[in-house]
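Values in this text are rule-based calculations from the coordinates and carry no lab data. Here the structure is a predicted model, which means the values were calculated and not measured. For neighbour counting, all protein chains shown are included, and Cβ atoms are generated from backbone atoms with ideal geometry for every residue, glycine included.
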């Protein structure tokens with residue numbers, strides 16, 4: 001699939017920035033997320049170029065050190081949960097949106113929200129945000145176990161159902177490994193299940 005490119009968008013400069021700031025394996029993940037974001041957007045009649053752009057920029061801050069993530073979050077007066085303090089890596093999605101604004105002059109609020117929401121989701125998030133959230137978890141490099149394959153199929157039918165299932169799988173993994181669960185993931189999960197039931 002050829003990646004859709006919106007007007008006045010310099011994709012090459014983002015690729016160059018990523019190559020300089022992100023390990024090669026992560027760049028490959030990012031490119032797969034870009035492609036799957038566009039594919040899901042096409043499936044659900046959403047803006048493909050917007051989805052691809054958000055997918056390409058979702059992990060700009062992925063490898064920022066914890067101290068830099070916390071400092072940037074405080075500078076921009078982002079809400080910092082105790083779970084963020086304990087695991088600053090969870091802030092990388094929100095900081096990636098800031099980098100998209102500051103480095104690449106992105107102003108589209110829905111696109112920036114999709115970058116911000118790709119890790120923990122957000123109740124009432126847009127379908128574009130759902131697409132990037134799902135693409136990050138479901139891209140082919142994440143594996144081929146049956147549960148993941150089932151969610152991939154569901155993502156082509158119902159974005160909310162797929163978001164709910166991804167949240168469930170993520171939380172099951174965190175519980176199994178005795179790790180902290182961010183409250184926003186729980187809120188996202190409950191919101192997504194309510195969308196299916198309403």
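Rounded, prolate or oblate: pick one for segment 120-198, where a ≥ b ≥ c are the square roots of the eigenvalues of its C-alpha gyration tensor, a/c under 1.5 means rounded, and failing that, prolate if a/b is larger than b/c, else oblate. Oblate, since a/c reaches 1.5 and b/c is not below a/b.
Listed by Cβ neighbour count within 10 Å, with the fewest neighbours leading, 163, 99 appear as 99, 163. With viscosity set to 1.002 mPa s at 20 °C, what whole-number translational diffusion coefficient in µm²/s follows for segment 1-114 from Stokes-Einstein and a Kirkwood radius over Cα pairs? For the chosen part, D equals 147 µm²/s.
Note: relative contact order over the chain, using C-alpha pairs below 8 Å and six or more positions apart, is 19 percent. With the simple spin-label model, which puts each label point 7 Å out from Cα in the Cβ direction, the residue 187 to residue 175 separation comes to 2.1 nm.
Note on residue 74 and residue 19: their simple-model spin labels are 3.6 nm apart, each label 7 Å out from Cα toward Cβ. With a/c under 1.5 counting as rounded, go ahead and sort segment 73-137 into rounded, prolate or oblate using the C-alpha gyration tensor (a ≥ b ≥ c being the square roots of the eigenvalues; past the cut-off, prolate if a/b is larger than b/c, else oblate). Taking the square roots of the gyration eigenvalues as a ≥ b ≥ c, segment 73-137 is oblate.
Taking the chain on its own, what percent of its Cα-Cα pair distances exceed 24 Å? It works out to 36 percent of all Cα pairs. Here is how the number arises for the chain: DSSP H runs of 4 or more residues each give -39500 (n - 2.57), the sum is divided by the residue count, and the result at 222 nm is -20500 deg cm²/dmol.
Ranked for footprinting exposure by Cβ neighbours inside 10 Å, fewest first, 103, 48 give 103, 48. With Cα atoms defining each centre, segment 113-192 and segment 12-90 are spaced 15 Å apart in the structure.
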